[in-house]
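J.: For reference, the structure I am asking about is given below.
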Amino acid sequence: MDYIIDLQGYICPESGFLPKEIAIVLLMRHSASSWVIAPPHHYHTYEPSVKKCIDFYSCKVHGIRWAEGSVDGDELCREIKNIMLSANNIYTYVDSRSKVEFLEWTLGRNVINLCNYLCPSSSDLSREFGFKSTCIHHMLKSETKIHCEYQCALNNSRLYKKWILKLARDYTDSPDAPDSETISQALARYLRENAQGDDITSEASAVDNENDDNDGEYNIGVNNIYSQNASPPAYDSLFRQ
């Protein structure tokens, strides 16, 4: 069984990544789940720099207000880790190292970043497939703020699934559902055929060499909160008050 997981949340000074919305989609079956996480602390307890970060992502990226959500973060992380015990491969698409680190701490295993396989962004895939289906939470937001297009973790996961399955079916020239090995081979071939010049690397190198954070003012990295000798941090400790 292969899974795709997408995270929407916040990257704030000296705190790494804190998720707000998490979605999981199965690659070989028509099953998916998504959750909006309750805030670990009250908004007004934070320093101005953290509030600035929260406001930016809430208003400009995923559109979910800090006070929204009803799922306990720590309990959800434990549940997701249990779900993923059966996974052969776990795929994600993140351009922030702190998101990858958070996922790997949460799951206790490596995840495969589709950025390393030249996967297009969710906005490009949405145009390519003519596909726009959000969770109910974001659908309601779109109806009240017509001109805003927010990032939806469930929508992103479904788009990455469509892209992966298209590659795998093109690779096998078969409409049948692919297995984990076929998907891995299809991704490796896509990388070989589309990487240019010095960017051509082996599949292993692509997985190991994560992209550096590149989100401008708000992308500040993990700041060593996920050091190799540390214990996995509790969800509500990631944003220190």
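The values are calculated or read from the model by the stated rules, or taken from the named source; none is laboratory data. Just so we're clear, the structure is a prediction, and the values are computed from it rather than from any experiment. Heads up, the Cβs are rebuilt from the backbone with ideal geometry, glycines too, and the neighbour counts pull from every protein chain shown. We work out accessible area using only protein heavy atoms, side chains counted, and drop any ligands, DNA or RNA first. Shrake-Rupley method; radii C 1.70, N 1.55, O 1.52, S 1.80 Å.
J.: Is the range 40-53 home to any residue that is under 22 Å from Asn156 (Cβ atoms) and touching a residue at least 60 places away in the same chain (Cβ under 8 Å)?
T.: There is at least one residue in the range 40-53 that is under 22 Å from Asn156 (Cβ atoms) and touching a residue at least 60 places away in the same chain (Cβ under 8 Å).
J.: Still on this model: If a residue has to be in a helix (DSSP H, G or I) and open to solvent by 30 Å² or more (accessible area, probe 1.4 Å) to count, how many in the range 66-109 make the cut? Let's see the steps before the verdict.
T.: First, pick out the residues of the range 66-109 that are in a helix (DSSP H, G or I): 73-86, 97-107.
Filter once more, keeping what is open to solvent by 30 Å² or more (accessible area, probe 1.4 Å): 74-75, 78-79, 81-83, 85-86, 97, 99, 101, 104-105.
Summing the residues that are in a helix (DSSP H, G or I) and open to solvent by 30 Å² or more (accessible area, probe 1.4 Å) in the range 66-109 gives 14.
Every residue, every condition in (1) assigned to a loop (DSSP other than H, G, I, E, B); (2) of a type in the set (Lys, Arg); (3) at pLDDT 95 or above, yes or no:
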site: Lys132; (1), (2), (3): yes, yes, no
site: Leu140; (1), (2), (3): no, no, no
site: Glu143; (1), (2), (3): no, no, no
site: Ile146; (1), (2), (3): yes, no, no
site: Glu149; (1), (2), (3): yes, no, no
site: Asp176; (1), (2), (3): yes, no, no
site: Ala186; (1), (2), (3): no, no, yes
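J.: Look at the range 110-121 and say how many of its residues are buried (at least 21 other Cβ atoms within 10 Å of the Cβ) and in a helix (DSSP H, G or I).
T.: 1
J.: Could you list, in sequence order, all residues of the range 41-65 that are surrounded by 19 or more Cβ atoms within 10 Å (Cβ to Cβ) and either part of a loop (DSSP other than H, G, I, E, B) or more than 19 Å from the chain's Cα centre (by Cα) (or both)?
T.: Residues satisfying the conditions are Tyr46, Val50, His62, Gly63, Ile64.
J.: Still on this structure, please answer the following. Can you give me the number of residues within the range 65-95 that are in contact (Cβ under 8 Å) with a residue 12 or more places away in the chain and either in contact with a His (Cβ under 7 Å, 6 or more places away or on another chain) or acidic (Asp, Glu) (or both)?
T.: 4
J.: Say whether the condition of being open to solvent by 20 Å² or more (accessible area, probe 1.4 Å) and in contact with a strand residue (DSSP E or B) (Cβ under 7 Å, 6 or more places away or on another chain) is met by at least one residue in the range 5-25.
T.: The answer is no; no qualifying residue exists.
J.: Something else now. What number of residues within the range 86-101 satisfy the criterion of being in contact with a helix residue (DSSP H, G or I) (Cβ under 9 Å, 6 or more places away or on another chain) and of a type outside the set (Ser, Thr, Tyr)?
T.: 6
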